[in-house]
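The values are calculated or read from the model by the stated rules, or taken from the named source; none is laboratory data. Model, not experiment: these values are computed from the prediction. Heads up, the Cβs are rebuilt from the backbone with ideal geometry, glycines too, and the neighbour counts pull from every protein chain shown. Ligands, DNA and RNA are stripped out before the accessible areas are found, and what is left, the full protein with its side chains, is counted by its heavy atoms. Shrake-Rupley method; radii C 1.70, N 1.55, O 1.52, S 1.80 Å.
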Amino acid sequence: MVDILRSIGVIARSLDSISNIEFKQYDLTKGQYIYLARIYENPGIIQEKVAEMIKVDRTTAARAIKKLENNGFIVRKQAPDNKKEKKLYVTKKGEETYPILSREENYSNEIALSGLSNSQKEQVFELLEVVEKNISENWEYVKKGNKRVY
């Protein structure tokens with residue numbers, strides 16, 4: 001069987017490394033750009049939802065979000081209906097940085113999919129959606145303390 005997950009892993013790590021290098025000049029490191037983009041795209045999201053969206057544990061998300069806050073990219077605001085809940089929003093600095101992240105994502109998509117026809121691109125997308133759904137369900141299962149049987 002073709003080892004698809006290894007290829008996906010190589011692609012993901014390569015793109016993450018490229019982004020970390022290119023975004024270093026904006027004080028975004030170690031994948032923080034992903035958090036910034038998701039908060040920009042979902043104003044008022046809570047930290048736990050960001051963690052679920054990115055598929056990381058809450059501690060990892062908390063560290064990255066705290067760094068974004070300390071570097072002035074985002075702010076936490078008290079939810080009016082829940083004193084314990086803090087909603088996340090991008091600052092002006094975050095708003096100014098997002099188009100750079102978006103351009104990089106679009107460029108990386110172009111590079112990654114160059115040489116494929118539109119129908120092949122659509123097919124790759126559809127197949128990866130199925131893979132993502134399967135893995136997301138498995139991630140939720142393990143996250144709840146369950147063990148996978150190999």
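List the trypsin sites (Lys or Arg not before Pro) in segment 43-150 that DSSP assigns to loop (not H, G, I, E or B) and whose Cβ has at most 15 other Cβ atoms within 10 Å. Which are they? Don't skip to the answer; put the middle values down first.
Working: sites: 49, 55, 58, 63, 66, 67, 76, 77, 83, 84, 86, 87, 92, 93, 103, 121, 133, 143, 144, 147, 148; in loops: 55, 144, 147, 148.
Loop-located and lightly packed - 55, 144, 147, 148.
Quick one: putting +1 on the C-beta of Lys and Arg, -1 on the C-beta of Asp and Glu, what dipole do you get for segment 11-150 around its Cα centre, in Debye to the nearest 20?
Values: 25 positive and 21 negative charges, 186 e Å.
With only Lys, Arg, Asp and Glu charged at Cβ, the dipole is about 900 debye.
Cut-off 10 angstrom, C-alpha nodes, Gaussian network model of the chain. Which of 56, 90, 131 fluctuates the most?
Evaluated over the chain, the most mobile residue of the options is 131.
Can you tell me the accessible area per residue over segment 1-134, all protein chains present, probe 1.4 angstrom, in square angstrom? Can you show the working numbers first?
Details: 9320 Å² over 134 residues.
Value for segment 1-134: 70 Å² per residue.
Of all the accessible heavy-atom surface of segment 1-95, with the other protein chains kept in place and a 1.4 Å probe, what percent is carbon and sulfur? Please list the in-between numbers first.
Values: 3370 of 6270 Å².
Roughly 54 percent of what the probe reaches on segment 1-95 is carbon or sulfur.
Please give the contour-minus-distance gain from residue 149 to residue 24: 0.36 nm per residue of separation, less the Cα-Cα distance, rounded to one decimal in nm.
Working: separation 125, 0.36 × 125 = 45.00 nm, distance 4.05 nm.
The span from residue 149 to residue 24 would gain 40.9 nm if fully extended.
Among 102, 136, 119, which one shows the highest mean-square fluctuation when the chain is modelled as a Gaussian network with alpha-carbon springs under 10 Å?
119
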